[in-house]
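What follows is a single structure, written as structure tokens, with notes after it.
The values are calculated or read from the model by the stated rules, or taken from the named source; none is laboratory data. All of these numbers come straight from a predicted model, not from anything done at the bench. In this analysis, Cβ positions are derived from the backbone assuming ideal geometry, glycine residues included, and neighbour counts consider all displayed protein chains.
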Amino acid sequence: MCPAKCHNPRIVSLCKGYGTEAWCKIDQKLANYFLEGPLKERLKMTRVGIELRNEGIEEGMKEGIKEGIKVGIKKAKLEDASKMITKGYNIDDIIEITGLRKEEVRKLYELRKEKH
């Protein structure tokens with residue numbers, strides 16, 4: 001069907017890029033098949049893919065933020081424990097106050113001894 005006689009705006013817009021002669025040879029049913037059938041499904045699948053990717057990105061960001069918070073809290077506890085060691089706190093008090101494991105506090109003591 002010739003674009004001049006076609007009432008489907010999508011077909012008319014497709015015709016503009018390829019020249020009138022080529023599209024005049026295409027039957028409107030065939031054009032509609034490609035517009036409504038496979039193309040529609042590909043677009044739908046593309047949208048689904050984009051949505052899934054965005055959900056994955058969002059989930060990854062949430063997990064990254066959670067992990068970053070955990071690392072930040074741990075770092076703060078280690079810094080506090082290091083300051084307590086400098087102030088002369090005993091190991092049991094440091095463990096109780098910071099919630100760190102005994103091995104972690106011992107490593108801090110050892111690192112402090114190595115530096116001095």
Within the set of pairs 6+ apart or on separate chains, which have a first residue in segment 74-92 that is in contact (Cβ under 8 Å) with a residue 24 or more places away in the chain, a second that is assigned to a helix (DSSP H, G or I) and aromatic (Phe, Trp, Tyr), and C-beta atoms under 8 Å apart?
85/109
Tell me, please, whether a residue that is touching a Phe, Trp or Tyr at 6+ places or on another chain (Cβ under 8 Å), under 30 Å from residue 111 (Cα atoms) and at pLDDT 65 or above can be found in segment 71-91.
yes
Any chance residue 45 is modelled with pLDDT of 90 or more, hydrophobic (A, V, I, L, M, F, W, C) and either loosely packed, with under 10 Cβ neighbours inside 10 Å or part of a helix (DSSP H, G or I) (or both)
no
Out of everything in segment 66-116 that is touching a Lys or Arg at 6+ places or on another chain (Cβ under 8 Å) and assigned to a helix (DSSP H, G or I), what residue ends up being surrounded by the fewest Cβ atoms within 10 Å (Cβ to Cβ)?
86
